[in-house]
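Written below as structure tokens is the structure these notes are about.
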Amino acid sequence: MALLDTFKEKVLDLGRSEARAKARPLLVGDERFDRSAAGLDRRLHETFVLFWLLSDRALFLVAGTGGDDFALRIPFEALEEVSMDFDENATFLPWYLRIAILPEGPGEIATLDEEADTGNPLAPPPSRPVTAEERRRIARGEVVPLSGFAAVPKKFRTALSRRMELAGRPLTVTGAEAADRQWRAKRRRRQRPSR
């Protein structure tokens, strides 16, 4: 099983650039991606591959399943809360990341208009705001999963914490100390000279 998990982790790392390319049409003005996390909706028998991308103004959720991909731009003020829990016994995707979206209220959520005719078959689909009904369905988790098991770098956690605080939205993180201890232990093992 460890080999399969390692393979999945490598695939997720490679998928980050694809996720950025998918979500790029949702960027507003000079906005850009600066941090990302990757994961699956379940550790075993996954249905969705999930990517969480951060800019200074929004969280982008990119989800892929089979032949379908979904991308959402969710301004931080549209988030009700975010939580991250670290399982120190897990060897694969040790974080469980959950987002809750306000079903109505501030922050315009955007998605890609896959139906739009751009006149250029190679052009990416344009961005469009979601309707009120779509937003309610998204908030209920009916469009894409709002939670998943993930590899969450410390820089992602730090950036998300700062942005949620600026937006006045709650972020709950449990197990960060254990995650940092594991990371330091792995780093020490890698730095030991081989005999």
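Computed from the coordinates by the stated procedures, all read-outs in this text should not be read as laboratory data. Given the structure is predicted, the values throughout are model-derived calculations rather than measurements. As a convention, Cβ positions derive from the backbone with ideal geometry for all residues, glycine included, and neighbour counts pool all protein chains shown.
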So the FRET efficiency between R137 and R24, C-beta based with R0 = 25 Å and rounded to 0.05, is 0.55
For the chain, percent of DSSP beta bridges that are antiparallel (nearest 5) comes out at 90 percent
Have a look at E115, E31, E165 and tell me which one the Gaussian network model of the chain (Cα, springs below 10 Å) gives the largest fluctuation.
E115
The stretch 54-148: trypsin sites (Lys or Arg not before Pro) in DSSP loop, at most 11 other beta carbons within 10 Å:
R140
Inter-part gap, Cα centre of the stretch 127-195 to Cα centre of the stretch 59-91, in whole angstrom, is 8 Å
